[in-house]
Amino acid sequence: MKICGVELSGNDAIVSLLTLSDGVFNIPDCRVAKISIGDANDTAKMRDFQFSFAKLMQDYQVERVVIRQRQTKGKFAGGAVGFKLEAAIQLIEGLKVDVIAPAEIKEGLKRNPLLVPFKETGLKQYQEPAFMVAYACIMK
C-alpha cells in the first residue's frame, strides 16, 4: 500500500510518501516535498494546484491520501487558504482522501512507535507532521 501524508501550512501542502510491504515501511523518493499556491483567490491557480497534486499522486501511484486535521477555531486554527487546499484535494476524482484528527494520529503513534529517529528518515524537518500522519495511518 502506498500512502501520502499531508500537512497543510499557509499556502503549502507538505507531502510525505510512505509504502508498507510485508510489515516493512519504505519512504520512496518524491520529486517535491510541498506543493504551493500563490493566490488562493484565483480560480485558475486553485485548479493548477489541484491538477499538480492529482498528477503527483497519479505519478507515484498513491492509493490513499491522509490529511492532518486542523482546528477550526482558537489560537492554532487553520487559515482559510488551508481549508481551500484541503477541499481541492478532497475533490480530486478517483483519489481516496481522509482527514485524520491529531488525537487519532497520537493514538496510532502510541500503539506503533516509530522505530528510528525521524532525523534518520532522510526527510526534511518540515515534513515531519506529514510523515507522522502517514505513518500512524499506514501502521493501523
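The values are calculated or read from the model by the stated rules, or taken from the named source; none is laboratory data. Worth saying up front: this structure is predicted, and the values here are computed from it rather than measured. Methodologically, a virtual Cβ is constructed for each residue, glycine included, from the backbone with ideal geometry; neighbour enumeration extends over all protein chains shown.
Of the helices (runs of 4 or more DSSP H) lying entirely inside the range 29-140, those containing at least 2 residues that are within 12 Å of the chain's Cα centre (by Cα) span 43-59, 80-90, 128-138. Restricting attention to the range 5-28 and to residues that are out of contact with any Lys or Arg (no Cβ under 9 Å at 6 or more places or on another chain) and part of a strand (DSSP E or B), the residue that is surrounded by the most Cβ atoms within 10 Å (Cβ to Cβ) turns out to be 16. Would you call residue 95 in contact with a helix residue (DSSP H, G or I) (Cβ under 8 Å, 6 or more places away or on another chain), modelled with pLDDT of 90 or more, surrounded by fewer than 12 Cβ atoms within 10 Å (Cβ to Cβ) and not basic (Lys, Arg)? For residue 95, the condition - in contact with a helix residue (DSSP H, G or I) (Cβ under 8 Å, 6 or more places away or on another chain), modelled with pLDDT of 90 or more, surrounded by fewer than 12 Cβ atoms within 10 Å (Cβ to Cβ) and not basic (Lys, Arg) - is not met. Against the list (1) more than 19 Å from residue 10 (Cα to Cα); (2) of a type in the set (Lys, Arg); (3) in contact with a Leu (Cβ under 7 Å, 6 or more places away or on another chain), the condition residue 106 fails is (3). Number of residues in the range 33-76 that are touching a strand residue (DSSP E or B) at 6+ places or on another chain (Cβ under 9 Å), loosely packed, with under 12 Cβ neighbours inside 10 Å and free of Cβ contacts under 8 Å to residues at least 40 places away in the same chain: the value is 1.
Within the range 20-28, identify whether any single residue is at pLDDT below 90, touching a Leu at 6+ places or on another chain (Cβ under 8 Å) and within 18 Å of residue 63 (Cβ to Cβ), and answer yes or no. Within the range 20-28, one or more residues are at pLDDT below 90, touching a Leu at 6+ places or on another chain (Cβ under 8 Å) and within 18 Å of residue 63 (Cβ to Cβ). The residue pairs whose first member lies in the range 101-112 and is free of Cβ contacts under 8 Å to residues at least 60 places away in the same chain and of a type in the set (A, V, I, L, M, F, W, C), whose second member is assigned to a helix (DSSP H, G or I) and surrounded by 15 or more Cβ atoms within 10 Å (Cβ to Cβ), and whose beta carbons are closer than 6 Å, counting only pairs six or more residues apart or on different chains, are 105/133; 105/136; 109/136.
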